[in-house]
1. Report the residue, chosen from Gly98, Gly12, Gly146, that carries the largest GNM mean-square fluctuation when the chain is represented by alpha-carbon nodes joined by springs under 10 Å.
2. Considering amide H positions built from the backbone, and no H for Pro or chain starts, which residues 5 or more places from Val137, or on another chain, come under 5 Å of its amide H?
3. Check which residues have an amide H placed less than 5 Å from Val21's amide H, if you skip close sequence neighbours.
4. Calculate how steeply helix 26-51 sits against the longest principal axis of the alpha-carbon atoms of the chain, using the helix alpha-carbon long axis, and give the answer as 0 to 90 degrees to the nearest 10.
5. Which percent of the accessible heavy-atom area of region 84-135 goes to carbon and sulfur, probe 1.4 angstrom?
6. Per residue, how much accessible area does the chain show when a 1.4 Å probe rolls over the protein heavy atoms, in square angstrom?
7. Which of Asn60, Ala72, Ile165 sits farthest toward the positive end of the charge dipole of region 44-173, with +1 on the Cβ of Lys and Arg and -1 on the Cβ of Asp and Glu?
8. Going by alpha carbons, how many degrees (0 to 90, nearest 10) lie between the helix axis of 60-88 and the longest principal axis of the chain?
Amino acid sequence: MTEGSGESVRLGRLVAEHPVVGPPNRGFTRAALAVGVLGVVVGVPLLVLGFSGDGGSRSNFVVGLPLGIGLAGLLLARIGADGARRARDGEVFALHEGGLVHRRGAATTSVPWSDIARVRDTGRAGLLFARHTGRDVDCRIRLRDGRRLRVTGFTSQAAALSEAIRTATAARP
């Protein structure tokens with residue numbers, strides 16, 4: 001595997017470019033953040049009150065529910081923010097006949113198909129909020145030198161890119 005934008009020429013003709021576009025709905029990320037903050041603001045005092053005084057007077061469910069919802073909201077907001085950051089950084093996957101070029105910011109990595117050790121797509125399109133968290137496609141690419149690349153649902157036409165990578169690496173000698 002080689003670094004540098006000039007190396008992509010050795011990979012053959014450009015087939016397609018797939019930029020990371022981030023979450024499909026930025027409002028979902030904002031709403032998740034609001035729910036997360038509200039849940040933590042309400043949940044932490046309830047948790048403190050639940051452990052003080054009479055231990056049997058409050059249900060653990062009532063005490064833990066707002067905090068659990070808040071933490072889940074913060075997690076969803078973090079995932080959405082990460083996808084938005086990757087899009088802002090200008091991350092792009094360029095599919096060539098002979099390999100893949102990954103660009104993020106000023107760094108460019110050219111990966112011939114022979115340098116890919118394993119490709120697994122563990123995406124779950126039916127999962128709750130999968131499209132909003134980029135989990136509808138989760139293609140993990142392990143390179144022979146140990147480095148890893150990841151294509152998520154935040155990438156434009158991610159399912160087609162994942163399929164093309166899996167097909168190309170399966171067809172190599």
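1. Fluctuation is largest for Gly146.
2. Sorted by chain and number, the residues that satisfy this are Arg124, Gly153.
3. Thr155, Ser156
4. 40
5. Details: 1300 of 2560 Å².
After summing per-atom areas, the C and S share lands at 51 percent.
6. That works out to 56 Å² for each residue.
7. About the Cα centre, the residue reaching furthest to the positive side is Ile165.
8. 30
The values are calculated or read from the model by the stated rules, or taken from the named source; none is laboratory data. The model shown is predicted, which means the values in this text are computed figures rather than measured ones. For neighbour counting, all protein chains shown are included, and Cβ atoms are generated from backbone atoms with ideal geometry for every residue, glycine included. The protein model used for the area step is the full one, side chains on, heavy atoms only, and it has no ligands, DNA or RNA in it. Shrake-Rupley method; radii C 1.70, N 1.55, O 1.52, S 1.80 Å.
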